[in-house]
Amino acid sequence: MSAPTSYWGSMFRFIARRLIIMPFLLFGIVTISFVISRFIPSDPLISIVGERQLNNPVVVLAAKQRWGLDKSMFGQYTSYMSNLAKGDLGISFRTKTPVVGDLIDRLPATFELAFTAMFFGTVGGVLLGVLAASRRNKIADHVSRLFALVGSSLPVFWLGLVLLYIFYARFGLMPGPGRLPPRVDAPNDITGFYLFDAILSGDFGLVWPIIQRLLLPAFALGWGLMGIISRLVRSSMLDELQADYVRTARAKGLTERVVFCKHALRNALLPVLTVLGFSIASLLTGAVLTETIFSWNGVGSYAVSATRSLDYPAINGVCILGGIVFLISNLITDVLYAYADPKIRLA
Amino acid sequence: MNSLLSIKDLHVSFGLGLETVDAVRGINLEIARGEIVGIVGESGSGKSASMLSVMRLLATTATTRGTVHFAGKELFSASSKEMRGIRGGKIGMIFQDPMTSLNPSFRIGSQIAEAIIRHQHVSTKIAVSKATDLLEVVSIPRPSESMSLFPHEMSGGMKQRVMIAMAIANDPELLIADEPTTALDVTIQAQILEVLKGLRETRNLSIVIITHDLGVVAGLADSVNVMYAGEIVESGDVEGVFYKATHPYSRGLLSCVPRLDIRESALHPIGGDPPKLSEKTPGCSFQPRCKNAIDLCETTSPTLRSSTVTGLKVSCHNPMEPSPQMSESI
């Protein structure tokens, strides 16, 4: 029996320990991504000096010196690491601006997309799962199974393209790609999240267009997660409904709705938390493709351009960012899990 | 006698694929206010199924026939809304396994308070104070601190007390206890039985206790019904059944109880297995295992009749003699 007083103490120690390990994990991530990007058999010089200057030895030498590409790979690595320690991710070969600034500019767009996708995936997935469990082997169950199967088995870029084709190109029900309508200026940059910025700066006319443009990409990105979560919730709901405590709840005279949505669902949601933690990773990879298709000016499309031009600093910067997001989201998942499942005490 | 619960010709069957399993085959039962009735039998004899059907808590694959009157109200024809008012309100129920019968995700205090709020429509604050009082009633130490415990932080006996507290939270008239002590240690069993006994004294609660443990019934019940293969084969007051049972099955059960007072008394297990409940035989369902069986038993099913010798009701064509040895002990 653990006293409630030590609960927050152990929680704090757990979080602190995980935060201490984090730099070491990031060190590994940086090293691996650094090595892999350097081993790609291609030359980043093309994107730096342009194809025409590639035969001019003076320009090439100057560019190599400017960007530190004349040093040995180990030399490049040590100077990259020492800069990184100062919080400097270098300057992008392509945009010629600091990578940190590039990422900070683009992060809100990606978060906006990923969080909305996660919201669709979680809320939609739980609702569908509960519906399927309560109408087991009836038509609603079969429809939700099909829906889940489509979402989780088709690649996100294909879903994105088809959704765009159907809802935008074919029937014109939804606006086309992009975060904003054409020839419309972004709202004042306060948070970087267009939706919040529009509200904060009182630009309410922009709110609906922004939401509208978020729907398709977020749905394409969240559909897979929705599928996975709905199947998970269905099966764990069916398991929980067999449990003895459900019979106890009924014996108390509670309505089926309370038995379902309070007693069974509360326990059925625990596995969802785990999936959610890992889904961050798939949402980030999915965001790369979704952003490219929907001309979403976020980290994902930045990563694609960076890879195309072998923009070493940008590639490594995106990897570090992804690593941080993944580690933090797993930490949050563990903490939430401990909070939601009273049987788990973090040690 | 003014009976609180009156079960007439209750049948319960489960559809199991193509087979139908007749778990309960026409039982009659009367329970008076303040009475403790034991239902004894081995696993699968239909004891739990019959009581779950009273609460209408059986799986949806089950079908029931017959009538159940509770305080004058027929339950099988009641609406689901009326049933929800009765469940937990007028009839409380506790289950075999306290380890799994409480929701692992909620504090026990809130689980008890939930039952109170559901039926008494009081504020959370009042419900919590009532729940705390109930923990005191079932002798849980430090009631107010225990309110905030999660089920996994309590022992099995404590959890069963919580279950009892929850079942009696709305001052029901009837408590159905389905194998309440089976999952518990012997010492804890005795404590739980004391709690149940105390409730009858203080609240004039009627209790149906379902068990396969004759010791539990002996210490607690006023009357006993012995069930075999979905039927009541012998019933009567507790002393009668223990001392003067004449049905070969009841006698078999009694001689399965280990005894410390008689040296070298071997246990006498009842040979064979209970019948498959999906098969109907014309004769007595105990006949294949019965040492006392006569030809009639194979062809005609006996009915429950009062025996002039013992004063018990027995369903047997060829009952045994009341054993003088039996009456000396237990």
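Bear in mind that the values in this text are calculations on the coordinates, not laboratory data. Here the structure is a predicted model, which means the values were calculated and not measured. A quick note on method: Cβ atoms are made from the backbone with ideal geometry, for glycine too, and the neighbour counts reach across all protein chains shown.
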For this session: For residue A:71, list the lysines whose Cα falls under 22 Å from its own Cα; do not include residues on the same chain fewer than 8 positions away.
Result: A:86, A:96
Exercise. Hey, what D do you get for chain A in µm²/s if you plug the Kirkwood alpha-carbon radius into Stokes-Einstein at 4 °C and 1.567 mPa s?
Worked result: 56
Seminar exercise, completed: Candidates B:296, B:102, B:58; GNM for chain B (alpha-carbon contacts under 10 Å) flags as most fluctuating B:296
For this session: Just need the relative contact order of chain B here, percent rounded to a whole number, with Cα pairs under 8 Å and 6+ apart.
Result: 19
Problem set entry | Between 0 and 90°, nearest 10: helix B:156-167 axis offset from chain B longest Cα axis | 80
Seminar exercise, completed: Given 4 °C, 1.567 mPa s and a Kirkwood radius over Cα pairs, the Stokes-Einstein diffusion coefficient of segment A:78-130 in µm²/s is 95
Exercise. Just from its helices, what would the mean residue ellipticity at 222 nm be for chain A, if runs of 4 or more DSSP H residues each count -39500 (n - 2.57) and the sum is divided by every residue, rounded to the nearest 500 deg cm²/dmol?
Worked result: -22500 deg cm²/dmol
Exercise. Dipole of chain B (Lys/Arg Cβ +1, Asp/Glu Cβ -1, origin at the Cα centre): which of B:103, B:12, B:258 lies farthest to the positive side?
Worked result: B:103
Problem set entry | Inter-chain shielding of B:98-107 (mean C-beta neighbours from other protein chains, 10 Å cut-off) | 6
Exercise. So how far apart, in nm, are the two label points at residue A:174 and residue A:201 if each is 7 Å from Cα heading toward Cβ?
Worked result: 2.6
For this session: Using only Cα atoms, find the angle between the long axis of helix A:73-85 and the longest principal axis of chain A, and express it within 0 to 90 degrees, rounded to the nearest 10.
Result: 60
Exercise. Taking the simple approach of a point 7 Å from Cα along Cα-to-Cβ for both residue B:155 and residue A:162, what is their distance in nm?
Worked result: 6.0
Exercise. Got a sec? How would A:34, A:24 order by Cβ neighbour count within 10 Å, fewest to most?
Worked result: A:24, A:34
For this session: Would you mind ranking B:163, B:154, A:22 by Cβ crowding within 10 Å, fewest neighbours first?
Result: A:22, B:154, B:163
For this session: Working from the alpha-carbon coordinates of the protein assembly as shown, get Rg over Rh, Rh being the Kirkwood radius.
Result: 1.16
Problem set entry | Residue with peak Gaussian network fluctuation, chain A [Cα springs, cutoff 10 Å], from A:328, A:315, A:46 | A:46
For this session: List the residues whose amide H sits under 5 Å from the amide H of residue B:88, counting only those 5 or more places along or on another chain, with H placed 1.01 Å from N in the peptide plane.
Result: B:93
Exercise. Expressed as an acute angle from 0 to 90° and rounded to the nearest 10, what is the orientation of the C-alpha long axis of helix A:57-67 relative to the principal long axis of chain A?
Worked result: 40
For this session: Starting from the coordinates of the alpha-carbon atoms of segment B:168-285, obtain the Kirkwood hydrodynamic radius over all distinct pairs and give the value in Å to one decimal.
Result: 16.3
Exercise. If only Cα atoms are counted, what is the Rg of segment A:54-200, and what is its Dmax, in Å?
Worked result: 23.6, 74
Problem set entry | Relative contact order [Cα under 8 Å, 6+ residues apart], segment B:19-105, whole percent | 19
Problem set entry | Whole-number D in µm²/s for segment B:30-159 (Stokes-Einstein; Kirkwood sum over Cα pairs; 4 °C, 1.567 mPa s) | 77
Exercise. Using the beta-carbon distance between residue B:296 and residue B:18 and R0 = 30 Å, what value does 1/(1 + (r/R0)^6) give for FRET efficiency, to the nearest 0.05?
Worked result: 0.40
Exercise. Taking θ as phi - 60°, what are the ³J(HN,Hα) couplings along segment A:116-133 by the Karplus curve (6.51, -1.76, 1.60), each to the nearest whole Hz, with x for Gly and Pro?
Worked result: 5, 4, 5, 4, 4, x, 6, 5, x, x, 5, 4, 4, x, 5, 4, 5, 5
Seminar exercise, completed: Rounded to the nearest Å, the spacing of the alpha-carbon centers of segment A:81-112 and segment A:325-341 is 26
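Would you mind calculating the gained length between residue A:138 and residue A:81 on full extension (0.36 nm times residue separation, minus the Cα-Cα distance), in nm to one decimal?
14.7 nm
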Problem set entry | Likely footprinting exposure, B:108, B:294, fewest C-beta neighbours within 10 Å first | B:294, B:108
Exercise. Ratio of Rg to Rh for segment A:225-286, alpha carbon only, Kirkwood?
Worked result: 1.12
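Rounding to the nearest 20 debye, state how big the charge dipole of segment B:3-221 is about its Cα centre with +1 on each Lys and Arg Cβ and -1 on each Asp and Glu Cβ. Display every interim value, and only then the final one.
Values: 21 positive and 22 negative charges, 140 e Å.
Once rounded to the nearest 20, the dipole reads 680 debye.
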For this session: Grab the DSSP H runs of chain B that are 4 residues or longer, score each as -39,500 (n - 2.57), total them, divide by all residues and round the 222 nm result to the nearest 500 deg cm²/dmol.
Result: -9000 deg cm²/dmol
Exercise. Tell me, what is the FRET efficiency for residue B:74 and residue B:321 to the nearest 0.05, using R0 = 51 angstrom and their Cβ-Cβ distance as r?
Worked result: 0.80
Exercise. Given just the C-alpha atoms of chain B, how large is their convex hull per residue in cubic angstrom?
Worked result: 147
For this session: Calculate the length of the line joining the C-alpha centroid of segment B:79-128 to that of segment B:133-178, in whole Å.
Result: 11
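What's the magnitude of the charge dipole for chain A around its Cα centre, counting Lys and Arg as +1 and Asp and Glu as -1 at the beta-carbon? Answer in Debye, nearest 20.
Values: 31 positive and 20 negative charges, 181 e Å.
Roughly 860 debye for chain A.
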For this session: Sequence neighbours fewer than 8 away in the same chain don't count; with that in mind, list the aspartates and glutamates whose C-alpha is under 13 Å from residue B:47.
Result: B:22, B:178, B:179, B:213, B:231
Exercise. Under the Karplus relation 6.51 cos²θ - 1.76 cosθ + 1.60, θ = phi - 60°, what is the ordered set of whole-Hz ³J(HN,Hα) values for segment A:284-292, x standing for Gly and Pro?
Worked result: 5, 5, x, 5, 4, 6, 4, 5, 5
For this session: Report the charge-dipole magnitude of the protein assembly as shown in Debye, nearest 20, computed about the Cα centre from +1 at each Lys and Arg Cβ and -1 at each Asp and Glu Cβ.
Result: 1680
Exercise. Cα-Cα pairs above 25 Å in segment A:1-122: how many percent?
Worked result: 50
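Contact order normalised by length for segment A:181-231, with contacts defined as Cα pairs under 8 Å and 6 or more residues apart; what percent is it? Before the final figure, lay out the partial values.
Working: 22 pairs, mean separation 11.2, N = 51.
Across segment A:181-231, relative contact order equals 22 percent.
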Seminar exercise, completed: Straight-line reach check, residue B:244, cutoff 22 Å on alpha carbons, 8 or more apart in-chain or any other chain, hits among lysines -> B:291, B:313
